[in-house]
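In what follows, a structure is listed as structure tokens, so that the remarks can point back to it.
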Amino acid sequence: MQPRSWPEPDPMIAAAIRSMYRGKRQPPLPVRVRDELGELFADEEFAAAFGTEGKPGWSPGRLALITVLQRVDNLTDRQAADAVRADLSWKYALGLALDDPGFDASVLSEFRTRVIAHGLEEKALDLLLAKLVEKGLIGAGGRMRTDSTHVISAVRDLNRLELAGECVRAALEEISVADPGWTSRVLELPGWAERYRARVDSWRLPAAETKRAELARAYGADGYALVEAVYASFSPAWLRNLPAVQALRVMLIQNYVRVTDRKGREVVQRRRPLEDGGEGLPPGRVRLTSPYDVDARWAAKGDDMFWNGYKLHISETCHTPADTNGMNGDTSGTNMVPPNLITNIATTDATVPDNQMTGKIHQMLAARGLLPGEHYLDSGYPSAELLVDARTRFGIALITPVLLDHSSQARAAVGYDRSAFTIDWDAEQVICPQGRASSSWSRCTQRDTEAIVVKFSGEICRPCPVRSLCTSAKKGGRQLTIRSRPLQEALDQARVDQTSRDWQDKYKLRAGVEGTMRQAVAVTGVRRARYRGLAKVHLEHVFSAVALNLIRLDAWWNGNPLDRTRTSHLARLELAELALAA
């Protein structure tokens, strides 16, 4: 690949575009992007993913823009390749001649593979954001909001029995393709052809529990026999590195054990949960769900949402009319509010909690120089540690509801909860509402978290006239568990703040991210993964974010900014719950 600057749009194509979109008709998005942003993705930025010798390849910068435009219209690779050949607006944006033949659709798949192999997944978003920083449309400080949504993997959902059979069948198929003669030379087991002729989802599993158990044991025995044969000295060493063989090994470890029966024979048994007296099953965060996508995981949200796949976190700016002051990106001479633009994309497997991503999202924003002054989040993202870390390390104020006091007094709204006690940090004592001091102050670790347990002696609490409002302990006195001073003070202040009307009015700004999620799902289809594997799914999400930014910029350039005043039903419920808690 030899990096070159993109040519100017073909004069014939430019004349046709001007003729078709004269007057009040707005040009299409690809034309407006080329006019406003020029050569958005330079070839040099992707040079590391391509060689310097061999047959010349297509411009990687153009392929990046094609991939973005593909997400704008939610096109397949074949449809995108056809658009490059036939759509004048695409030829204008790419600087192609009218008679340019384009490329085969497989080039787009090869381009994505190269980008992932060389760690350039974030490059397209980085380049767009850098261009927007130059235009003054985004920058450090200001306000930002983040939310997550579930992403369903591009594989079929399998139960444990189907997973076992499909893992064996997938390994056999991949080995047969890699070394066609190996299976016939090495494996001579009865029933293999019948069991693994077709995919597990193409026929109905037996309904009887005894037959299903028998089939499960057969899958396990066959899997162990296949893995032992692959790892035997007479088999090529490279066979064991096949992805399907590695997936089979993981499945066997997670779902089967080999034990010795009463006659001294080794038999294969399925793992059972610990509560059933078994050997235990692996936690969901590491449990394999498909031999074709080893990164996908089962997860649940609430009582009625279960999915197999990933989780997507979207961060975007959230401007208000007051933000027009000092913004130099408005070249139209109007006072329109700048568009809300996506500044960060994070993709994880479905089991990663939101609060584990808060700090990582801040690190990614810091690397781009786009840290906000205020970050609006829902209650799944914060913790006491994160409130302090965001402020001290990044200078960010987290505008987010924190978990309330869950003591029996706080839940009943009767009696003395934690806020009724005064903490003397220097003296390491707590003063109760009746003015009595605690008798012990003990540092400990609870659930891998440092805490302080404060106790009041029974001699103090038993004769207290308001004992029934303070503790239900029969013998001892009141006990409190608090965090270290900076964490507890931040937590107490956040709980007080979120009960005020001003804070709740301010927090309404977070509701707009629900509309961004809806747009991402409706326009680019991010809720259903196109590809398999975490790296490919993340690349899809990054290009989708660039596409959404261009759609919003196009609407803003045309003087028709997208509606930012709608509040989703979910957001209204969230605000109502906060009001009730106050």
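The values are calculated or read from the model by the stated rules, or taken from the named source; none is laboratory data. Please read these numbers as outputs of a predicted model, since none were measured by experiment. In this analysis, Cβ positions are derived from the backbone assuming ideal geometry, glycine residues included, and neighbour counts consider all displayed protein chains. Note: areas computed on protein heavy atoms with side chains; ligands, DNA, RNA excluded. Shrake-Rupley method; radii C 1.70, N 1.55, O 1.52, S 1.80 Å.
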Filter the range 464-488 down to the residues that are farther than 21 Å from residue 411 by Cα and surrounded by 13 or more Cβ atoms within 10 Å (Cβ to Cβ) and list them by number. 464, 476, 484, 486, 487
Please determine, by comparing only the residues of the range 113-138 that are under 25 Å from the mean Cα position of the chain (by Cα) and in a loop (DSSP other than H, G, I, E, B), which one is surrounded by the fewest Cβ atoms within 10 Å (Cβ to Cβ). 119
In the range 152-166, which residues are closer than 26 Å to residue 207 by Cα and in contact with a Phe, Trp or Tyr (Cβ under 8 Å, 6 or more places away or on another chain)? 155, 161, 164, 165
Pairing a residue in the range 202-221 that is more than 13 Å from residue 164 (Cα to Cα) with any residue that is open to solvent by less than 70 Å² (accessible area, probe 1.4 Å) and modelled with pLDDT under 90, where Cβ atoms lie under 9 Å and the two sit 6 or more apart in sequence or on different chains, gives 211/205
Result of the Cβ filter at 7 Å on the range 270-291, keeping first residues that are touching a residue at least 24 places away in the same chain (Cβ under 8 Å) and partners that are of a type in the set (S, T, N, Q) and surrounded by 13 or more Cβ atoms within 10 Å (Cβ to Cβ), at least 6 apart or interchain, is 270/255; 282/254; 284/351; 285/351; 287/254; 288/254; 289/308
Just checking, which of 110, 44, 8, 36 is in a loop (DSSP other than H, G, I, E, B) and modelled with pLDDT of 90 or more? 8
Scan the range 243-278 residue by residue and report those that are crowded, with 19+ Cβ neighbours inside 10 Å, hydrophobic (A, V, I, L, M, F, W, C) and under 32 Å from the mean Cα position of the chain (by Cα). 244, 245, 247, 248, 251, 252
Looking at residue 230, is it among the β-branched types (Val, Ile, Thr) and open to solvent by less than 40 Å² (accessible area, probe 1.4 Å)? yes
Failed item in (1) closer than 20 Å to residue 219 by Cα; (2) in contact (Cβ under 8 Å) with a residue 40 or more places away in the chain; (3) crowded, with 16+ Cβ neighbours inside 10 Å, with residue 183 passing the rest: (2)
All-but-one check, residue 502 against (1) over 30 Å from residue 312 (Cβ atoms); (2) part of a helix (DSSP H, G or I); (3) touching a Leu at 6+ places or on another chain (Cβ under 9 Å); (4) not aromatic (Phe, Trp, Tyr), failing number (3)
For the range 347-372, which positions are open to solvent by 30 Å² or more (accessible area, probe 1.4 Å) and more than 18 Å from the chain's Cα centre (by Cα)? 366, 367, 368, 369, 371
Out of all the residues in the range 447-459, is one or more more than 24 Å from residue 383 (Cα to Cα) and among the aromatic types (Phe, Trp, Tyr)? yes
Of the residues that make up the range 159-175, is at least one more than 27 Å from residue 297 (Cα to Cα) and open to solvent by less than 70 Å² (accessible area, probe 1.4 Å)? no
So, residue 295, is that one in a loop (DSSP other than H, G, I, E, B) and touching a strand residue (DSSP E or B) at 6+ places or on another chain (Cβ under 8 Å) or not? yes
I want to confirm something. Restricting to the range 186-223 and keeping residues that are open to solvent by less than 40 Å² (accessible area, probe 1.4 Å) and of a type in the set (Ser, Thr, Tyr), which single residue is nearest to residue 269 (Cα to Cα)? 219
Quick check: anything in the range 519-531 at pLDDT 65 or above, open to solvent by less than 10 Å² (accessible area, probe 1.4 Å), within 30 Å of residue 115 (Cα to Cα) and assigned to a helix (DSSP H, G or I)? yes
Give the residue, chosen from 430, 466, that is out of contact with any strand residue (DSSP E or B) (no Cβ under 6 Å at 6 or more places or on another chain) and touching a residue at least 40 places away in the same chain (Cβ under 8 Å). 466
Quick check: anything in the range 279-287 over 30 Å from residue 351 (Cβ atoms) and open to solvent by less than 20 Å² (accessible area, probe 1.4 Å)? no
Number of positions in the range 88-112 that are touching a residue at least 40 places away in the same chain (Cβ under 8 Å) and open to solvent by 20 Å² or more (accessible area, probe 1.4 Å): 6
In the range 18-59, anything within 19 Å of residue 552 (Cβ to Cβ), of a type in the set (Val, Ile, Thr) and either open to solvent by 80 Å² or more (accessible area, probe 1.4 Å) or in contact with a Leu (Cβ under 7 Å, 6 or more places away or on another chain) (or both) is listed as 33
Among the residues in the range 447-456, are any in contact (Cβ under 8 Å) with a residue 12 or more places away in the chain and exposed (fewer than 10 other Cβ atoms within 10 Å of the Cβ)? no
